[in-house]
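To start, the structure itself, in structure tokens.
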Amino acid sequence: MQITFSELEYSERQQQLLDEYSRLQIVAETAILQPDFLTNDHYKLSKLAALCGMQIFADRFAAWVAKTNPYESPEDVFVINISTDTEPSGQQISFEEFIGPGYHIAEDRLALFNFLPERHTLVHEVTEGFAKALLDPPHDLALSIQAEMGSALYVERLNQALLDILHTYLREILLLENLSDTGHLVIHQWSDDWSNYFDSGKEWWGAFFWTVYDTQRQEITVIGASATD
């Protein structure tokens, strides 16, 4: 039986958050899907959701281009394509691997940056994981930090602001109240060779794609991020 997906109607709070992430210039994209048929083959289900999620991202981008550049010649417009020759290849990972080294779950602490106080500089050292994809895009997020740029106080307040964003995403989008209770999630990390969506991220910042299958709610959250300067 062919499995198809429908994108959920987001709650008012979820939609507000997704709109706010766009305003903040967060590049990670989200689609929450519900399958019309269930299977115990979680890999197959997640792979099909990944393909569906990519198509949703492509449709969103096409709609944005049509709205913001209505007079652009079609041949000059970038279109997100999904390969017909190469299929997504996924690896099941733990929740800790999904979050990545940029966030220490047990300590509830971000570790995205190395602060060099003598230079008033943040060094971006983390290259993988969802915390990186969500909170550390190629350009600084549009946050209002009330402190001198590059000062220790600035770094402290920046980390707190980013931590708040991560907490809210996990609570409102993935519906996680307790990060030690994630056994109901089946998470796959997907390859980056099956769509030109990934091309810009491969330049240097990174290309990310995950599916998070909530086996209790029977929903699959698709998360992608790929960007450059």
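All conditions but one from (1) aromatic (Phe, Trp, Tyr); (2) within 27 Å of residue 167 (Cβ to Cβ); (3) part of a loop (DSSP other than H, G, I, E, B) apply to residue 21; the one that does not is (3).
Is it the case, given these coordinates, that residue 162 is within 25 Å of residue 210 (Cβ to Cβ), out of contact with any His (no Cβ under 6 Å at 6 or more places or on another chain) and surrounded by 17 or more Cβ atoms within 10 Å (Cβ to Cβ)? The answer is yes for residue 162.
Exactly one of these conditions fails for residue 37: (1) within 18 Å of the chain's Cα centre (by Cα); (2) closer than 22 Å to residue 4 by Cβ; (3) hydrophobic (A, V, I, L, M, F, W, C). Give me its number. Against the list (1) within 18 Å of the chain's Cα centre (by Cα); (2) closer than 22 Å to residue 4 by Cβ; (3) hydrophobic (A, V, I, L, M, F, W, C), residue 37 comes up short only on (1).
Taking the stated definitions as given, is residue 70 touching a strand residue (DSSP E or B) at 6+ places or on another chain (Cβ under 6 Å), in a loop (DSSP other than H, G, I, E, B) and at negative phi? Spelling it out, it is not the case that residue 70 is touching a strand residue (DSSP E or B) at 6+ places or on another chain (Cβ under 6 Å), in a loop (DSSP other than H, G, I, E, B) and at negative phi. For segment 134-146, the criterion of a residue being touching a Pro at 6+ places or on another chain (Cβ under 7 Å), under 26 Å from residue 211 (Cα atoms) and modelled with pLDDT of 90 or more is satisfied by no position.
Residue under question is residue 66, and the condition is that it be of a type in the set (Gly, Ala, Ser), under 26 Å from residue 229 (Cβ atoms) and loosely packed, with under 12 Cβ neighbours inside 10 Å; does it hold? In short, yes. Taking first residues from segment 39-54 that are at pLDDT 95 or above and partners that are among the acidic types (Asp, Glu), the Cβ contacts under 9 Å between residues at least 6 apart in sequence or on separate chains come to 47/87; 51/87; 52/7; 53/7; 53/29. Pairs meeting the criteria (first residue in segment 99-115 and under 13 Å from residue 167 (Cα atoms), second residue loosely packed, with under 15 Cβ neighbours inside 10 Å and among the aliphatic types (A, V, I, L, M), beta carbons under 9 Å, at least 6 apart or on different chains) are 99/105. You will find that of 173, 223, 145, 187, the residue that is of a type in the set (Val, Ile, Thr), farther than 26 Å from residue 92 by Cβ and in contact with a helix residue (DSSP H, G or I) (Cβ under 9 Å, 6 or more places away or on another chain) is 145 and no other. When segment 91-121 is filtered for residues that are surrounded by fewer than 19 Cβ atoms within 10 Å (Cβ to Cβ), of a type outside the set (Phe, Trp, Tyr) and not in a loop (DSSP other than H, G, I, E, B), the ones remaining, listed by number, are 91, 92, 93, 96, 97, 104, 109, 114, 116, 121. All of 211, 168 fail the test of being assigned to a strand (DSSP E or B) and of a type in the set (S, T, N, Q), apart from 211.
Taking segment 122-156 as the range and being touching a residue at least 12 places away in the same chain (Cβ under 8 Å) and either assigned to a helix (DSSP H, G or I) or on the phi > 0 side of the Ramachandran plot (or both) as the test, the residues that pass are 129, 130, 131, 132, 133, 134, 135, 150, 152, 155.
Residues that are β-branched (Val, Ile, Thr) and over 20 Å from residue 226 (Cα atoms): does segment 187-198 have at least one?
There is no residue in segment 187-198 that is β-branched (Val, Ile, Thr) and over 20 Å from residue 226 (Cα atoms).
Take the residues in segment 184-204 that are at pLDDT 95 or above and part of a loop (DSSP other than H, G, I, E, B); name whichever of them is surrounded by the most Cβ atoms within 10 Å (Cβ to Cβ). Here the residue is 194.
The values are calculated or read from the model by the stated rules, or taken from the named source; none is laboratory data. Nothing here was measured: the structure is a model prediction, and the numbers come from that model. FYI the Cβ positions are ideal-geometry reconstructions off the backbone, even for glycines, and counts take in every protein chain you see.
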